[in-house]
Amino acid sequence: MRRFVLRAHRFADAYRHGLDGLQAAWAARKYKGHRVLPPEFFADMQAVRGGNVNAGL
């Protein structure tokens, strides 16, 4: 049960920062040792996408 809740927290954090479903799934797998995704991850995603990751906020 705890594993599901932590994974849901990571997905919610990724969606809150503007990632789509595929990116959120990848990030949740890559950073599975953390409750939320690290801040530097979003800076890296912004550089790769060439735009604002937080545009959906």
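The values are calculated or read from the model by the stated rules, or taken from the named source; none is laboratory data. Since the structure is predicted, the reported quantities are computational estimates derived from the model, not experimental observations. Glycine gets a Cβ as well: all are built from the backbone with ideal geometry, and neighbour counts include every protein chain shown.
Structural remarks
- Scanning the range 1-27 for residues that are in contact with a Leu (Cβ under 8 Å, 6 or more places away or on another chain) and on the phi < 0 side of the Ramachandran plot turns up 10, 13, 14, 16, 17, 27.
- When residue 35 is tested against (1) in contact with a Lys or Arg (Cβ under 9 Å, 6 or more places away or on another chain); (2) modelled with pLDDT of 85 or more, exactly one condition is not met: (2).
- Only one entry in 12, 55, 28 is at pLDDT below 85 and either out of contact with any helix residue (DSSP H, G or I) (no Cβ under 6 Å at 6 or more places or on another chain) or among the charged types (D, E, K, R) (or both), namely 55.
- When residues of the range 1-15 are limited to those that are of a type in the set (D, E, K, R) and surrounded by 14 or more Cβ atoms within 10 Å (Cβ to Cβ), the one farthest from residue 31 (Cα to Cα): 13
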